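To start, the structure itself, in C-alpha cells.
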Amino acid sequence: MPVTAIGAYNAQPLDSQDKFNGLQLVYLCWERHLMFCAPFTFPLPPTMPFGDFIEHVVKSSISQHPDAPQVDFNHAQWRLNDQPFTPNYSASLIDNGIDHKSLLHMNTPGLNGIAGTFN
Amino acid sequence: MAVKKRLNAKEKYRCMTRDLDWEPSYQTHEDIYPHERFEGIKITDWDKWEDPFRLTMDTYWKYQAEKEKKLYAIFDAFSQNNGHTTLSDARYVNALKLFLSGVTPLEYQAYQGFARVGRQFSGAGARIACQMQAIDELRHVQTQIHAMSHYNKHFNGLHDFAHMHDRVWFLSVPKSFFEDARTAGPFEFLTAISFSFEYVLTNLLFVPFMSGAAFNGDMATVTFGFSAQSDEARHMTLGLEVIKFLLEQHEDNVPIIQRWIDKWFWRGYRLLTLVGMMMDYMLPNKVMSWSEAWGVYFEDAGGALFKDLERYGIRPPKHVEETTVGKDHVSHQAWSIFYQYSQATNFHTWMPTDEELDWLSSKYPDTFDKIYRPRFEHWRALQEKGERFYNPTLPMLCQICQIPLSFTEPDEQTTLSHRTTEHEGERYHFCSQGCCDIFEYEPTKYIQAWLPVHQILQGNCGGADVETIVRDYYNISPGQDNFEYLGSTEHRRWQDWHPNDRNSAPATPVDPDLLKTG
Amino acid sequence: MTSLVYMNLQDTDYARSIVDAIVQDNPHAEIQHQPSMIRIAAEGRLDIRRDTVEQLTGSPWDIQEMLMYVITLGGNVVEEDDSFSLYWNN
C-alpha cells in the first residue's frame, strides 16, 4: 500500500547491496542455541566459497558455545530463506543461491545447547 | 439583564480559548490547515470536542510554578545531602543511564510532535490541548535532565545522552518509534502518542521507573516522577478524549483508527521491552515483575478500556494474545541481549545474584528455570573463570522495531521468531508478525530505516571495529561506561563509600584485558 | 461486572483529606495504600465533590488544585466547577 502522505512519497531502500562496498549481508541462525540472543549479521563477499564461510566465519562466531567443538558441519541441516538447502562447500555463496540479506538456519541435531535446554 | 460577575470554569475556559478563534475571511480552511484531510479522517463538527481539562494559561502557570519550586527544592536537598550515596546499590544507576539516553530524548520528540500537530487542527480546543502538552513535554525534558545531572557528577555513561540517542545501536529503538509517529499525519500522531502511548501504555513506562526509584532510594527521580505524573493525568485524558471524538465524528474513521491502534499497540509493546528488562534486572530492590506489571496495567486496565470502546466498533489490538505469552519472556530475552553486547552500551550489565535468580524463578514459574536460568548460570560460571561472555558478532535487527531478533515464537519458545517479506526486489526481516504487518501496510516508509548494524557495516559509523565505533562514534568512554559492572570504577567507588555493606558484592578480580572483545 | 475506574494520588497530607471526602461520597470505593500512593478504585463510577472536601478540611478548595497530586487515573473524565467524576460506559 502506498504511504499515507501529503504528496508523492518516494524513498530508496537504505540497505541495498550497492551500499556495502562490494559485500553482501548474510544472516545466520544456529537453531536451538538461544545463548546467542539473535541471528548473526555477516558482511561477506558474494564470491566467498561456502567452505571458507564455515571455516573462517561461522566457527569463530560460535566458538564460545560449549557445543561448538562437537558441531559436525557435514551433518548439519540447513535452510536458506526458509527452504531446505544443501550447501555446496566449494561453490561461492552467490552460486549457492545465498544472495544479499539471505537468512541461513543451521540445525545441528543431537546438540541441544547448554545442558540440553536449547540455550 | 443581570451581569454575572464570575464565569464558571467551563465558561471561563471557553471565553479564553475557543472564543478567541475566528472564521477566516480571506484564506480557506484548507490552506490554513493543509494536513487535516490527507489521512482520510473526517471531522464534521469540531464543536463536539470536549475539553478534557480546562486549565487556562494563568491557572496553568500558577500550578506548574508551584510544582517547579517544590521539585527544585528537593533536587537541591538531594544533591546537598549526597543522596546518591544512599541508593540501594550502584547497579541501580544503570537504569537511569538507560532512562536519560532512551526516554528523555523522547520527551523532547513529544514536545516537537505536539507543537507541530498543535498547529494543524482547525479545532481550537484540540490546538490548545496539544500546545499545552508540548510545553509539558518540554518541561519533562528539562526536569529529567536536572534530576539526572546530579548522578552525572558521580557516575559514568550519562555525559552525552542526546548524542548517544542519535547514534547508539539500541537507542535507535526508542528514536525510531517516535520518529515514526512524528512523520505520520496529525491524527495518527495523536492516536499513536496521546492514546496508545499516553493512555493505554503510560503506566508501564512510569510505574516501573518511578516506583523503582522509590524502592531504591532515588529521591530525585521519584520527585521528578510525581511532578510529571500530574501532567500525565492531563495527557491521559486528552488521549481518551481524542479517540472518542474521532470515533464519534464519522463511522469512516473507525477502520482507520483501528489500524492505528493495532500498529501503535504493537510498536509500544516492543518498545516497552526495555522497561521490562529494567524492572526485572536493573532494580536491586524489586517493585514487581514485568509480568505482573503487564497484567495489572495492561491486561486489567486495558481490558476495561477496550470494553468501553466496543460501542464504537473498536476491538482490542491485533496480536494482543501474543503479549500475554510474551510477558513471561521479553525481559529475560532483553537482558540477555544487553549482557552479551555490553561492550557497546553506555551502562554496565551483570548477572543476577542467587537471591535475584530465585526471585525471578518465583515470578516466572513457567519460563525462567526452564529457559533462562540455565544460560545465566552458565554465564556466571564463565565470569568466575575470567571468561565473561561477550558476543563477538553483530546481531540481526528487525526492520520495524529495530530490536535484535531475540523473541521466540509464541507457541514454540525455543525457536527465535522471524518473518520476512520482499518489496521491490529487496528482502526485509522482522521479529514478529506484528512488525511485519506494519511494514506491509506502508513499506516505502520503512525501507529507509536507519538500522544501526547495517549502517555500521556500510562504514557510516566512523570506524571499522566495534571498539572504535563505541569510542569515537558513540562517545562512550571505553572501560568506564561499558562492560561488566563487577570490578568497574563505579563498583569500586561504591565499595569505598560502603566498606561495611555486605550487599555490595565483592568484586571478582577481573583482568581488564579479559573484558575486551575482538 | 462493570469495569473499575481508578485514581492514584500522592500519599501526602493534602491528598489524605481528599480521600476521606471520596470515601464519604462513594461508599463503594476501595482504598489501597501503596508505597507513596493512595489508590482509589470503584466499579463503574467515582464522584469527587468540592463541598464535601471543604466541609472536611474547613478550607476553600479548588478542584483543579487536586491535579497537582494525581499520579494516574482510569476512566472518562468529567470536570466541573464543583465536582470531578470518572466513569466507564460499560
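Every number in this text was worked out from the coordinates using simple rules, so none of it is lab data. Keep in mind it's a predicted model, so treat the numbers as computed, not measured. Cβ: placed from backbone, ideal geometry, glycine included. Neighbour counts: every protein chain shown.
Across peptide B:409-422, how many C-beta atoms of other chains are within 10 Å of each residue C-beta, on average?
3
Taking 8 Å as the Cα distance limit and 6 or more residues as the minimum spacing, I'd like the relative contact order of the range A:17-116 as a percentage.
40
Per residue of C:61-73, count partner chain C-beta atoms within 10 Å of its C-beta, then hand back the mean as an integer. Let's see the in-between values first.
Values: counts 0, 3, 1, 9, 4, 2, 9, 11, 5, 8, 11, 11, 6.
Partner Cβ neighbours, averaged per residue: 6.
Give me a single rounded figure for A:25-37: the average over its residues of other chain Cβ atoms within 10 Å of their Cβ.
Mean partner-chain Cβ count within 10 Å for A:25-37: 6.
In whole angstrom, how far apart do the alpha carbon centroids of the range C:8-36 and the range B:291-353 sit?
Using only Cα atoms to place each centre, the spacing works out to 29 Å.
Output the relative contact order of chain B, whole-number percent, from Cα pairs under 8 angstrom with separation of 6+ residues.
For chain B, the relative contact order is 16 percent.
Roughly what % antiparallel, to the nearest 5, for the DSSP beta bridges in the range A:17-116?
70
For q values of 0.06, 0.12, 0.13 Å⁻¹, compute log₁₀ I(q)/I(0) with the Debye formula on a Cα-only model of the range B:46-516, without solvent.
Listed by q, the Debye log ratios stand at -0.26, -1.10, -1.30.
Please report, largest first and rounded to whole Å, the three semi-axes of the ellipsoid equivalent to chain A, where each semi-axis is the square root of five times an eigenvalue of the C-alpha gyration tensor.
Result for chain A: semi-axes of 31, 19, 13 Å.
For the range A:107-112, in order, what is each residue's ³J(HN,Hα) by Karplus, 6.51 cos²θ - 1.76 cosθ + 1.60 with θ = phi - 60°, in whole Hz (x at glycine and Pro)?
Ordered by residue, 3J(HN,Hα) equals 10, 10, x, x, 9, 10 Hz.
Run lengths n ≥ 4 of DSSP H only: what is the helix-derived mean residue ellipticity at 222 nm for chain A, with -39500 (n - 2.57) per run over all residues, to the nearest 500?
Working: 1 runs with 4 residues, N = 119.
So the helix-based figure for chain A works out to -500 deg cm²/dmol.
Would you tally the net charge around B:Gln455, using a Cβ to Cβ cut-off of less than 14 Å, leaving B:Gln455 out, and scoring K and R as +1, D and E as -1? Each step should come with its number before you reach the end.
Working: positive: A:Lys19, B:Arg167, B:Lys175; negative: A:Asp15, B:Asp166.
That sum, taken over residues with Cβ under 14 Å, equals +1.
Give the residues of the range B:250-270 whose amide nitrogen is closer than 17 Å to a point set 7 Å from the Cα of B:Arg315 in the direction of its Cβ.
B:254-266
Based on the Cα coordinates of the protein assembly as shown, what is the per residue volume of their convex hull in Å³?
That works out to 170 Å³ per residue.
If the cut-off is 14 Å between C-alpha atoms, which aspartates and glutamates fall inside it for B:Lys5, apart from same-chain ones fewer than 8 positions away?
List returned: none.
Sorting check: for B:282-292, A:91-101, which peptide has the highest mean count of neighbouring beta carbons within 10 Å, and how do the rest follow?
B:282-292, A:91-101
What ranking do B:103-113, B:8-18 get when scored by the average of other Cβ atoms within 10 Å per residue, highest first?
Ranking the peptides B:103-113, B:8-18 by packing returns B:103-113, B:8-18.
I'd like the distance between the alpha-carbon centres of the range B:31-106 and the range B:458-501, rounded to an integer number of Å.
Going from one Cα centre to the other spans 30 Å.
Using the structure shown, select from B:Lys69/B:Lys97; B:Lys244/B:Lys363; B:Lys244/B:Lys286; B:Lys307/B:Lys327 the pairs with a Cα to Cα distance greater than 30 angstrom.
Violating the 30 Å limit, Cα to Cα: B:Lys244/B:Lys363; B:Lys244/B:Lys286.
Give B:Lys175/B:Lys263; B:Lys318/B:Lys445; B:Lys70/B:Lys263; B:Lys12/B:Lys48 a once-over and call out the pairs whose C-alpha atoms are over 27 Å from each other.
Numbers: B:Lys175/B:Lys263 16 Å; B:Lys318/B:Lys445 21 Å; B:Lys70/B:Lys263 39 Å; B:Lys12/B:Lys48 18 Å.
Check vs 27 Å cut-off fails for B:Lys70/B:Lys263.
Using θ = phi - 60° and the Karplus form 6.51 cos²θ - 1.76 cosθ + 1.60, what ³J(HN,Hα) does each residue of the range B:215-221 get, whole Hz, x for Gly and Pro?
With coefficients 6.51, -1.76 and 1.60, one gets 6, 10, x, 9, 5, 4, 6 Hz.
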